[in-house]
1. Residues to consider are H90, H74; find the one that is surrounded by 15 or more Cβ atoms within 10 Å (Cβ to Cβ), part of a helix (DSSP H, G or I), at pLDDT below 90 and not acidic (D, E).
2. Somewhere in region 127-136, is a residue open to solvent by 20 Å² or more (accessible area, probe 1.4 Å) and either part of a strand (DSSP E or B) or free of Cβ contacts under 8 Å to residues at least 12 places away in the same chain (or both)?
3. Go through (1) surrounded by 15 or more Cβ atoms within 10 Å (Cβ to Cβ); (2) free of Cβ contacts under 8 Å to residues at least 40 places away in the same chain; (3) among the hydrophobic types (A, V, I, L, M, F, W, C) for A153 and report which single condition fails.
4. What are the pairs with Cβ atoms under 6 angstrom where one residue, in region 63-76, is of a type in the set (V, I, T) and the other, located anywhere, is surrounded by 13 or more Cβ atoms within 10 Å (Cβ to Cβ)? Sequence gap at least six, or different chains.
5. Is it the case that G56 is out of contact with any Ser or Thr (no Cβ under 6 Å at 6 or more places or on another chain) and open to solvent by 20 Å² or more (accessible area, probe 1.4 Å)?
6. Please state which of the following conditions L115 fails to meet, knowing it meets all the rest: (1) among the hydrophobic types (A, V, I, L, M, F, W, C); (2) closer than 30 Å to L200 by Cβ; (3) open to solvent by less than 70 Å² (accessible area, probe 1.4 Å); (4) not in a helix (DSSP H, G or I).
7. Can you tell me how many residues within region 36-45 are open to solvent by 80 Å² or more (accessible area, probe 1.4 Å) and without any contact (Cβ under 8 Å) to a residue 24 or more places away in the chain?
8. May I ask you to verify whether L48 is open to solvent by less than 30 Å² (accessible area, probe 1.4 Å) and under 19 Å from the mean Cα position of the chain (by Cα)?
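The values are calculated or read from the model by the stated rules, or taken from the named source; none is laboratory data. None of the values given here were measured: they were computed from a predicted structure. Counting neighbours? That spans all protein chains shown, and the Cβs are built from the backbone with ideal geometry, glycine included. For accessibility, only protein heavy atoms count, side chains too; no ligands or nucleic acids. Shrake-Rupley method; radii C 1.70, N 1.55, O 1.52, S 1.80 Å.
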Amino acid sequence: MSEFIIGVTGGVASGKSEVTRRFEALGIVVADADLAAREAVAPGSEGLAEVVAQFGPDVLAADGGLDRAAMRRHVFGNDAERRSLEAIIHPRVRAALRDICVAAPGAYAIAAIPLLAEGGGRDAYPWLSRILVVDVPADVQRARVMARDRVDATLAQQMVAAQATRDQRLAIADDIVVNTGAIDELDAQVAALDRRYRALAASH
(Lines give C-alpha, C1' and ligand atoms only; values in the text may rest on other atoms or scores of the structure.)
Protein backbone atom coordinates (compact mmCIF):
# COMPACT_ATOMS: atom_id res chain seq x y z
CA MET A 1 0.00 0.00 0.00
CA SER A 2 1.45 3.35 -1.05
CA GLU A 3 -0.06 6.36 0.70
CA PHE A 4 2.93 8.46 -0.42
CA ILE A 5 2.03 9.52 -3.96
CA ILE A 6 3.98 11.73 -6.33
CA GLY A 7 2.22 13.60 -9.13
CA VAL A 8 4.41 13.96 -12.23
CA THR A 9 3.57 16.60 -14.81
CA GLY A 10 5.13 18.73 -17.52
CA GLY A 11 4.32 20.41 -20.80
CA VAL A 12 4.13 18.78 -24.21
CA ALA A 13 7.48 17.27 -25.28
CA SER A 14 9.07 17.99 -21.89
CA GLY A 15 10.11 14.35 -21.43
CA LYS A 16 7.55 13.18 -18.84
CA SER A 17 7.46 9.68 -20.30
CA GLU A 18 11.25 9.37 -20.19
CA VAL A 19 11.17 10.36 -16.52
CA THR A 20 8.36 7.99 -15.54
CA ARG A 21 10.02 5.13 -17.44
CA ARG A 22 13.08 5.57 -15.27
CA PHE A 23 10.98 5.42 -12.10
CA GLU A 24 9.33 2.25 -13.40
CA ALA A 25 12.78 0.75 -14.00
CA LEU A 26 13.43 1.33 -10.27
CA GLY A 27 10.33 -0.71 -9.42
CA ILE A 28 7.90 2.17 -8.88
CA VAL A 29 4.28 1.79 -10.04
CA VAL A 30 3.21 4.59 -12.41
CA ALA A 31 -0.52 5.26 -12.91
CA ASP A 32 -1.11 7.02 -16.24
CA ALA A 33 -3.85 9.67 -16.53
CA ASP A 34 -4.03 9.31 -20.32
CA LEU A 35 -4.67 5.59 -20.00
CA ALA A 36 -7.20 6.17 -17.21
CA ALA A 37 -9.03 8.71 -19.41
CA ARG A 38 -9.34 6.16 -22.22
CA GLU A 39 -10.60 3.52 -19.81
CA ALA A 40 -13.13 5.98 -18.33
CA VAL A 41 -14.99 5.96 -21.67
CA ALA A 42 -14.19 2.41 -22.81
CA PRO A 43 -16.94 0.49 -24.64
CA GLY A 44 -19.56 -0.68 -22.17
CA SER A 45 -18.44 1.70 -19.42
CA GLU A 46 -20.70 3.96 -17.35
CA GLY A 47 -18.56 6.87 -18.48
CA LEU A 48 -19.26 6.22 -22.15
CA ALA A 49 -22.99 5.84 -21.44
CA GLU A 50 -22.93 9.27 -19.76
CA VAL A 51 -21.08 10.81 -22.71
CA VAL A 52 -23.68 9.44 -25.14
CA ALA A 53 -26.53 10.66 -22.93
CA GLN A 54 -24.94 14.12 -22.84
CA PHE A 55 -23.78 14.50 -26.46
CA GLY A 56 -25.93 12.09 -28.46
CA PRO A 57 -25.24 8.85 -30.36
CA ASP A 58 -23.22 10.55 -33.13
CA VAL A 59 -20.16 10.50 -30.84
CA LEU A 60 -20.09 6.68 -31.09
CA ALA A 61 -17.90 4.90 -33.62
CA ALA A 62 -19.12 1.90 -35.62
CA ASP A 63 -17.50 -0.49 -33.11
CA GLY A 64 -19.46 1.00 -30.20
CA GLY A 65 -16.49 2.89 -28.81
CA LEU A 66 -16.07 6.65 -28.55
CA ASP A 67 -15.44 8.39 -31.88
CA ARG A 68 -12.70 10.73 -30.66
CA ALA A 69 -12.67 12.83 -33.82
CA ALA A 70 -16.44 13.43 -33.52
CA MET A 71 -16.02 14.23 -29.83
CA ARG A 72 -13.26 16.74 -30.58
CA ARG A 73 -15.53 18.47 -33.10
CA HIS A 74 -18.23 18.73 -30.43
CA VAL A 75 -16.02 20.37 -27.82
CA PHE A 76 -13.59 22.34 -30.00
CA GLY A 77 -14.07 26.02 -29.27
CA ASN A 78 -17.07 25.31 -27.02
CA ASP A 79 -16.11 25.76 -23.38
CA ALA A 80 -19.49 24.66 -22.04
CA GLU A 81 -19.37 21.37 -23.97
CA ARG A 82 -15.74 20.80 -23.00
CA ARG A 83 -16.58 21.34 -19.31
CA SER A 84 -19.49 18.89 -19.61
CA LEU A 85 -17.13 16.26 -21.01
CA GLU A 86 -14.51 16.95 -18.33
CA ALA A 87 -17.16 16.65 -15.61
CA ILE A 88 -17.79 13.08 -16.80
CA ILE A 89 -14.18 12.01 -17.33
CA HIS A 90 -12.05 13.84 -14.77
CA PRO A 91 -13.61 12.45 -11.55
CA ARG A 92 -13.26 8.92 -12.94
CA VAL A 93 -9.63 9.56 -13.88
CA ARG A 94 -8.80 10.95 -10.43
CA ALA A 95 -10.46 7.99 -8.69
CA ALA A 96 -8.71 5.44 -10.94
CA LEU A 97 -5.28 7.02 -10.42
CA ARG A 98 -5.71 7.09 -6.67
CA ASP A 99 -6.91 3.47 -6.55
CA ILE A 100 -3.90 2.28 -8.58
CA CYS A 101 -1.43 4.27 -6.49
CA VAL A 102 -2.84 3.29 -3.10
CA ALA A 103 -2.86 -0.39 -4.09
CA ALA A 104 0.72 -0.25 -5.40
CA PRO A 105 3.43 -2.23 -3.62
CA GLY A 106 6.57 -0.31 -2.77
CA ALA A 107 7.55 2.74 -0.79
CA TYR A 108 5.68 5.21 -2.98
CA ALA A 109 3.75 5.44 -6.24
CA ILE A 110 3.52 7.92 -9.10
CA ALA A 111 0.49 9.43 -10.83
CA ALA A 112 1.50 10.73 -14.28
CA ILE A 113 -0.87 13.65 -14.95
CA PRO A 114 0.09 15.69 -18.04
CA LEU A 115 -2.57 18.36 -17.45
CA LEU A 116 -2.18 18.64 -13.68
CA ALA A 117 -1.72 22.43 -13.69
CA GLU A 118 -4.65 22.88 -16.10
CA GLY A 119 -6.87 20.42 -14.24
CA GLY A 120 -6.95 22.12 -10.85
CA GLY A 121 -3.53 21.28 -9.41
CA ARG A 122 -3.48 20.39 -5.73
CA ASP A 123 -7.10 21.36 -5.23
CA ALA A 124 -8.18 18.64 -7.68
CA TYR A 125 -5.67 16.10 -6.34
CA PRO A 126 -5.44 16.73 -2.57
CA TRP A 127 -4.06 13.19 -2.05
CA LEU A 128 -0.77 13.94 -3.83
CA SER A 129 2.10 14.05 -1.35
CA ARG A 130 4.37 15.95 -3.73
CA ILE A 131 4.34 17.30 -7.29
CA LEU A 132 7.30 16.75 -9.62
CA VAL A 133 7.47 19.00 -12.68
CA VAL A 134 9.55 18.01 -15.71
CA ASP A 135 10.71 21.42 -16.90
CA VAL A 136 12.03 22.70 -20.22
CA PRO A 137 11.90 26.18 -21.77
CA ALA A 138 9.12 26.81 -24.27
CA ASP A 139 11.55 27.15 -27.19
CA VAL A 140 12.90 23.67 -26.45
CA GLN A 141 9.33 22.33 -26.33
CA ARG A 142 8.57 23.88 -29.73
CA ALA A 143 11.71 22.44 -31.31
CA ARG A 144 10.98 18.96 -29.92
CA VAL A 145 7.34 19.05 -31.04
CA MET A 146 8.42 20.03 -34.56
CA ALA A 147 10.93 17.18 -34.68
CA ARG A 148 8.69 14.58 -33.02
CA ASP A 149 5.38 15.31 -34.74
CA ARG A 150 6.81 16.72 -38.01
CA VAL A 151 4.74 19.89 -37.71
CA ASP A 152 5.61 23.48 -38.59
CA ALA A 153 6.59 26.20 -36.13
CA THR A 154 3.09 27.73 -36.09
CA LEU A 155 1.35 24.51 -35.09
CA ALA A 156 4.09 23.68 -32.57
CA GLN A 157 3.59 27.09 -30.96
CA GLN A 158 -0.18 26.54 -30.81
CA MET A 159 0.31 23.15 -29.10
CA VAL A 160 2.59 24.70 -26.48
CA ALA A 161 0.35 27.75 -25.99
CA ALA A 162 -2.76 25.55 -25.50
CA GLN A 163 -1.33 24.29 -22.20
CA ALA A 164 -0.54 25.95 -18.90
CA THR A 165 2.48 28.24 -18.97
CA ARG A 166 5.87 27.15 -17.69
CA ASP A 167 5.44 29.52 -14.71
CA GLN A 168 2.03 28.04 -13.87
CA ARG A 169 3.52 24.54 -13.76
CA LEU A 170 6.55 25.59 -11.73
CA ALA A 171 4.24 27.34 -9.24
CA ILE A 172 2.80 23.97 -8.15
CA ALA A 173 6.15 22.12 -8.08
CA ASP A 174 7.74 20.61 -4.99
CA ASP A 175 10.49 19.06 -7.10
CA ILE A 176 11.80 19.86 -10.58
CA VAL A 177 13.60 17.76 -13.18
CA VAL A 178 15.35 19.98 -15.71
CA ASN A 179 15.35 18.07 -19.00
CA THR A 180 17.31 20.29 -21.36
CA GLY A 181 20.36 18.06 -21.77
CA ALA A 182 21.01 14.62 -23.17
CA ILE A 183 18.34 12.05 -22.34
CA ASP A 184 20.70 9.92 -20.21
CA GLU A 185 21.26 12.92 -17.92
CA LEU A 186 17.83 12.07 -16.50
CA ASP A 187 19.21 8.90 -14.89
CA ALA A 188 21.05 10.69 -12.07
CA GLN A 189 18.19 13.14 -11.42
CA VAL A 190 15.63 10.33 -11.15
CA ALA A 191 17.92 8.20 -8.97
CA ALA A 192 18.36 11.12 -6.55
CA LEU A 193 14.61 11.76 -6.44
CA ASP A 194 13.95 8.06 -5.86
CA ARG A 195 16.24 8.11 -2.82
CA ARG A 196 14.54 11.25 -1.52
CA TYR A 197 11.04 9.87 -2.02
CA ARG A 198 11.88 6.56 -0.33
CA ALA A 199 13.22 8.46 2.68
CA LEU A 200 10.19 10.77 2.80
CA ALA A 201 7.78 7.86 2.44
CA ALA A 202 9.47 6.05 5.31
CA SER A 203 8.88 9.03 7.60
CA HIS A 204 5.41 9.80 6.20
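1. Numbers: H90 fails: at pLDDT below 90.
Result of the check over H90, H74: H74.
2. Our first condition is that a residue be open to solvent by 20 Å² or more (accessible area, probe 1.4 Å); within region 127-136, this holds for 127, 129-130.
Filter once more, keeping what is either part of a strand (DSSP E or B) or free of Cβ contacts under 8 Å to residues at least 12 places away in the same chain (or both): 130.
Yes, some residue in region 127-136 is open to solvent by 20 Å² or more (accessible area, probe 1.4 Å) and either part of a strand (DSSP E or B) or free of Cβ contacts under 8 Å to residues at least 12 places away in the same chain (or both).
3. (1)
4. As it stands, the answer is V75/E81; V75/R82; V75/L85, since those pairs meet every condition given.
5. Details: out of contact with any Ser or Thr (no Cβ under 6 Å at 6 or more places or on another chain): yes; open to solvent by 20 Å² or more (accessible area, probe 1.4 Å): no.
Criteria not met by G56.
6. Checking L115 against (1) among the hydrophobic types (A, V, I, L, M, F, W, C); (2) closer than 30 Å to L200 by Cβ; (3) open to solvent by less than 70 Å² (accessible area, probe 1.4 Å); (4) not in a helix (DSSP H, G or I), the one that fails is (3).
7. 3
8. Working: open to solvent by less than 30 Å² (accessible area, probe 1.4 Å): yes; under 19 Å from the mean Cα position of the chain (by Cα): no.
So L48 does not fit the description; no.
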